[in-house]
Amino acid sequence: MATAMIRRMANSRAPKQVQDGFSTIEVMVSMAVLTVGLVSLLGVFGLAIASTQSSQQDMIAKQLADEAYETMVTARNTTEINWDQLQNTGSTGCPISGVSPCGIFLTGPQQIYNAGADGIYGTSDDAASGARQTLHDPGPDGIFGTADDVYIPLTGYTRTITITNVDSTLRNVTISIVYSTPQWRGPKTYVLNTYISEFQ
């Protein structure tokens, strides 16, 4: 019994174990790491929002380049134009007609107009049509052809069509669409680079 009492007294006199917490420096370092992580995450969200907002302009630029190329292919397939005309204005060395210069596609950046009487984008009769090309949006009801349809003029876009000879039956076609978006400080460029053959 005496030994049990001695043990109890020894236990009561033993120093109690102190629990360790975080020091101020450890808390400050963890807060700094957390802040850097959160700021980086906010930057990623900002980029995602800017990309989403400019995606409509990017899609329009792609569509403008695609439809210009499609009108070239259609004009070639329907023989509306001959192979000599499928060049930039001022091109020399027309192998079929022998008339020089040849070509109907305007050189340099051009405003985006509706296709003229020939139905081909990028030719001299586009400006004569008198109407800038517009984007037709179905409006709030989502149905085309109703009173709430919205027509957005494509005034901030320019198109450059460059056609170069690869050989006598193959040409390289480069269509560049330059446009600006509110999220970017400078102009953006969409480039479609493809080939067209004399043969269908």
Checked against the structure, the computed Kirkwood radius over Cα pairs in Å among (1) 18.0; (2) 17.2; (3) 22.4 is the one labelled (3)
Note to self, the chain gives a 222 nm [θ] from helices alone (DSSP H runs n ≥ 4, -39500 (n - 2.57) apiece, / all residues, nearest 500) of -12000 deg cm²/dmol
Within the set Leu42, Leu64, Leu86, GNM on the chain using Cα springs under 10 Å gives the largest fluctuation to Leu42
Residue separation between Thr74 and Thr24 times 0.36 nm, minus their alpha-carbon distance, gives in nm 10.6 nm
Highest GNM mean-square fluctuation among Pro187, Pro140, Pro109, for the chain with Cα springs under 10 Å, belongs to Pro140
Relative contact order as a percentage, the chain, C-alpha pairs under 8 Å and 6+ apart, gives 16 percent
Within the set Phe22, Phe105, Phe45, GNM on the chain using Cα springs under 10 Å gives the largest fluctuation to Phe22
If one compares the long axis through the Cα atoms of helix 24-77 with the longest principal axis of the Cα atoms of the chain, the angle in degrees, nearest 10, works out at 20 degrees
Rounded to the nearest 5, the percent of DSSP beta bridges in the chain running antiparallel is 95 percent
Surrounding charge for Ala117, neighbours by C-beta under 12 angstrom, Lys/Arg +1, Asp/Glu -1, total -4
Yeah, region 135-186 with a ≥ b ≥ c from its alpha-carbon gyration tensor (a/c under 1.5 is rounded, else prolate when a/b outruns b/c, oblate otherwise) is oblate
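Every read-out reported here was derived from the displayed coordinates using simple, explicitly stated rules and does not represent laboratory data. What you are looking at is a predicted structure, and each value in this text was computed from that prediction instead of being measured. No Cβ is skipped: glycine too gets one built from the backbone with ideal geometry, and neighbour counts run over all protein chains shown.
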